[in-house]
1. Limited to the stretch 67-122, what total is found for residues that are under 12 Å from the mean Cα position of the chain (by Cα) and acidic (Asp, Glu)?
2. Yes or no: the stretch 63-79 includes at least one residue that is in contact (Cβ under 8 Å) with a residue 60 or more places away in the chain, assigned to a helix (DSSP H, G or I), within 29 Å of Trp10 (Cα to Cα) and out of contact with any Lys or Arg (no Cβ under 8 Å at 6 or more places or on another chain).
3. Kindly list the number of the only condition in (1) outside any loop (DSSP other than H, G, I, E, B); (2) modelled with pLDDT of 90 or more that fails for Glu43.
4. Does Lys163 meet the test of being touching a helix residue (DSSP H, G or I) at 6+ places or on another chain (Cβ under 9 Å), free of Cβ contacts under 8 Å to residues at least 24 places away in the same chain, of a type outside the set (A, V, I, L, M, F, W, C) and surrounded by 14 or more Cβ atoms within 10 Å (Cβ to Cβ)?
5. Just give me the residues in the stretch 95-117 being free of Cβ contacts under 8 Å to residues at least 40 places away in the same chain and either part of a strand (DSSP E or B) or in contact with a strand residue (DSSP E or B) (Cβ under 8 Å, 6 or more places away or on another chain) (or both), in sequence order.
6. Quick check on my filter: what residues within the stretch 112-162 are within 19 Å of Tyr18 (Cα to Cα) and polar (S, T, N, Q)?
7. Which condition does Leu144 not pass, out of (1) among the aliphatic types (A, V, I, L, M); (2) under 21 Å from Trp10 (Cβ atoms); (3) surrounded by 11 or more Cβ atoms within 10 Å (Cβ to Cβ), if it passes all the others?
Amino acid sequence: MEPDEGTYKWGVTTSQSYFPKDNTELFNRDETIVDWLMPFSPEKDPTYVRGFLGRMLFPGEDGIKKVNVLSGGERVRVMLSKMMILASNVLIMDEPTPHLDMESITALNNGLIKFNGVVLFTSQDHQFIQTIANRIMEITPGGLIDKISTYDEYLDSDEMARKRQILSVSAEEDD
């Protein structure tokens with residue numbers, strides 16, 4: 001994953017997993033779910049991969065389903081399986097919830113709450129943001145607003161509204 005501009009440097013002890021908003025290209029293959037996940041597995045045993053799939057509601061023969069016929073929600077669950085297999089300590093997620101049903105969103109929320117690492121995410125799902133986020137970073141045309149708070153506290157904050165207004169005016173003046 002390369003930035004459009006600028007640079008970044010990961011810490012030496014970080015390992016990252018990326019969940020793209022549009023994952024269609026990743027699944028344009030004629031292979032099974034197990035075969036798709038095997039390259040990411042530290043154990044080269046299909047049984048190990050099937051264990052992760054079982055936790056993601058792909059029991060038994062579902063693991064031999066072809067990835068190019070998966071629904072949006074199934075692709076999300078496969079991507080989450082990949083992230084679990086990689087056991088990264090930094091998760092980068094771009095809109096993970098739109099293709100999930102309520103039960104799956106709740107399970108994802110609970111898993112991320114228990115996750116002992118960093119989660120960077122974008123979302124339009126208010127409840128998901130409120131449940132998961134403890135720091136809000138809003139990227140505006142005028143700059144970055146960074147606040148350690150819940151999402152609701154951030155939205156209700158007069159201080160943050162003033163910062164947004166100042167950055168908005170600053171961006172308009174720069175144009």
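The values are calculated or read from the model by the stated rules, or taken from the named source; none is laboratory data. Quick caveat: nothing in here was measured; it's all calculated off a predicted structure. When we count neighbours, we look across all protein chains shown, and the Cβ atoms used for this are built from the backbone with ideal geometry, even at glycine.
1. 2
2. yes
3. Answer for Glu43: the failing condition is (1).
4. Here the answer is no, as Lys163 does not meet what is asked.
5. Leu112, Phe115, Gly117
6. Within the stretch 112-162, Asn116, Thr122, Ser123, Gln124 qualify.
7. (3)
Quick grid of which residues meet (1) assigned to a helix (DSSP H, G or I); (2) in contact with a helix residue (DSSP H, G or I) (Cβ under 8 Å, 6 or more places away or on another chain); (3) buried (at least 17 other Cβ atoms within 10 Å of the Cβ):
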residue: Phe121; (1), (2), (3): no, yes, yes
residue: Gln130; (1), (2), (3): yes, yes, no
residue: Asn134; (1), (2), (3): no, no, no
residue: Met137; (1), (2), (3): no, no, no
residue: Tyr154; (1), (2), (3): yes, yes, yes
residue: Ser168; (1), (2), (3): yes, no, no
residue: Glu172; (1), (2), (3): yes, no, no
